[in-house]
Amino acid sequence: MSESRTALSWSEAIREARARLAQAGVASPRTDADLLAMHVSGLSRTRLLIANGVPAQTLRAYRDLVQRRIDRQPLQHLTGTAAFWKGELAVGPGVFVPRPETELLVEWALGVIADIDSPLIIDACAGSGAIAWALAGERPDATIWAVEADPDAFEWLEHNLKGTTATGLCADATEFTTLSDLDGQVDLVVSNPPYVPETVEVSPEVLADPTMAVFAAHEGMAVINDLTFRAHQWLRPGGWFGCEHDDSHVRAVPALWRAVGFVEVTDHEDLAGRSRFTTGGLSPHTSTDEETPHL
Ligand SMILES: C[S@@+](CC[C@H](N)C(=O)[O-])C[C@H]1O[C@@H](n2cnc3c(N)ncnc32)[C@H](O)[C@@H]1O
């Protein structure tokens, strides 16, 4: 038996949703209304424009999703996916939703490994596995470890990395025992760690991310600090480290890295002109016997 259809077209249902979302102050009402309609109907944007008579049950489900978005549940939790790089990752409560800005770090990473055959890479604080997943898609010859400490997030990571050449490891990336057999050999360490200072107020959508994915002690520097020393030990001479940070860390991160011994330290801005990530390398002349300094 076919489901009963309402008199409402998809265009009308979407218009109604856009108005409700806009009135509730949701930042991107048009996009969200469209994406939720595509998700609930299984139709493309174009098909939605010409489809008449939204089935009654589907309309109820759509209005329910719109209400949850008005209640500021992240769009990606409602659709179950986050667009990243050239595809989509599975996400939901318990894992950080990857942000488009992190694609800039992926682009930089692909540049530094462009001339390295079968590079050895560590994605530290890997969350959903976004960075490792994007790198594995572009460089199937790479050996990639994706290290994530939170067991809930790690379940999402394992799901997303299935079928790729990247391997997940549920561990504290800042511990000197983690992947210690790779010390002095790694070509590239990439990371988008938690870095928001605990005093900063964030939007309800960011609060839906796990706390340990977002906030860090010591004005947001706690994990970055420890990871800097860990990356220094993992890397081979000439290897590279790229790490996202809060824009308030624009001076602190490069200063720390230079003090620890990284060279060619550069800070990079995102498309909005905010300081977003720092990159640096180990000098090709670094002796592997050299101790990582303790500041
Ligand atoms: C900002 S999220 C980024 C996730 C992913 N890299 C991305 O860009 O979407 C930071 C992640 O680091 C994890 N994390 C925090 N401290 C960690 C640690 N010491 N070792 C490993 N993972 C850690 C959190 O659980 C969270 O999944």
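Projected onto the charge dipole of the chain (+1 at Lys/Arg Cβ, -1 at Asp/Glu Cβ, origin at the Cα centre), which of Ser248, Ala51, Ala27 gives the Cα projection farthest towards the positive end?
Ala51
Rounded to the nearest 20 Debye, what is the dipole magnitude of the chain about its Cα centre when Lys and Arg each give +1 and Asp and Glu each give -1 at the C-beta? Spell out each step's value before the answer.
Values: 22 positive and 42 negative charges, 363 e Å.
The dipole of the chain has a size of about 1740 debye.
When you count, for each residue, the other Cβ atoms within 10 Å and take the mean per peptide, how do 147-158, 62-73 rank with the highest first? Before the final figure, lay out the partial values.
Numbers: 147-158: 20.6, 62-73: 17.5.
Listed from highest to lowest mean packing, they are 147-158, 62-73.
Determine the share of the chain's accessible area contributed by carbon and sulfur atoms, expressed in whole percent, with a 1.4 angstrom probe. Don't jump to the answer; show the numbers that get you there.
Numbers: 7140 of 14080 Å².
The computed percentage sits at 51.
Which of the peptides 99-108, 38-47, 24-33 is most tightly packed, and how do the rest follow, judged by the mean count of other Cβ atoms within 10 Å per residue?
Details: 99-108: 17.8, 38-47: 14.0, 24-33: 15.8.
In decreasing order of mean packing, 99-108, 38-47, 24-33 become 99-108, 24-33, 38-47.
Divide by every residue of the chain the summed helix terms, -39500 (n - 2.57) for each DSSP H run of at least 4, and state the resulting mean residue ellipticity at 222 nm, rounded to the nearest 500 deg cm²/dmol.
For the chain, the value works out to -11000 deg cm²/dmol.
Roughly how tilted is helix 222-234, in degrees to the nearest 10 and between 0 and 90, from the longest Cα axis of the chain?
That helix lies at roughly 50 degrees to the long axis.
Under a crude label model (7 Å from the Cα following the beta-carbon direction), how far is Glu269 from Ser180 in nanometres?
So the two model labels end up 4.3 nm from each other.
Solvent-accessible area per residue for the chain at a 1.4 Å probe radius, Å²? Before the final figure, lay out the partial values.
Values: 14080 Å² over 295 residues.
It amounts to 48 Å² per residue over the chain.
Principal axis lengths of segment 10-71 from Cα atoms, whole Å, largest first?
28, 21, 16
Of the DSSP beta bridges with both residues in the chain, give the percent that are antiparallel, rounding to the nearest 5.
Working: 15 of 36 bridges.
If I count the DSSP bridges inside the chain, around 40 percent turn out antiparallel.
Which order, highest average first, do 162-171, 188-197 follow once you tally other Cβ atoms within 10 Å for each residue and take the mean per peptide? Mind showing how you got there, number by number?
Values: 162-171: 16.6, 188-197: 24.2.
In descending order of packing, they fall as 188-197, 162-171.
Which angle from 0 to 90°, rounded to the nearest 10, does the C-alpha axis of helix 56-70 make with the longest principal axis of the chain?
On a 0 to 90 degree scale, this one is about 40.
Could you please state, rounded to a whole Å, how far the C-alpha centre of segment 207-251 is from the C-alpha centre of segment 11-47?
The two parts, judged by their Cα centres, are 36 Å apart.
Which angle from 0 to 90°, rounded to the nearest 10, does the C-alpha axis of helix 10-23 make with the longest principal axis of the chain?
For 10-23 against the chain, the angle is about 60 degrees.
Assuming R0 = 35 Å, can you tell me the calculated FRET efficiency for the pair Asp64 and Ala114, based on Cβ-Cβ distance, to the nearest 0.05? It would help to have the intermediate numbers written out before the result.
Working: r = 47 Å, r/R0 = 1.34.
Here the calculated transfer efficiency is 0.15.
Sort all Cα-Cα distances of the chain into consecutive 10 angstrom bins from zero, then give the percent of pairs in each bin up to the one containing the longest distance.
The percentages, shortest bin first, are 6, 26, 30, 19, 11, 6, 1, 0.
Which residue, Ile224, Val206, Val95, has the largest displacement toward the positive end of the dipole of segment 85-281 when charges sit on each Cβ (Lys, Arg +1; Asp, Glu -1)?
Ile224
The values are calculated or read from the model by the stated rules, or taken from the named source; none is laboratory data. Remember, it's a predicted structure, so these values are computed and weren't measured experimentally. Every residue, glycine as well, gets a Cβ built from its backbone with ideal geometry; the counts of neighbours run over all protein chains shown. Side chains are part of the model used for accessible areas, which takes the heavy atoms of the whole protein and leaves out ligands, DNA and RNA. Shrake-Rupley method; radii C 1.70, N 1.55, O 1.52, S 1.80 Å.
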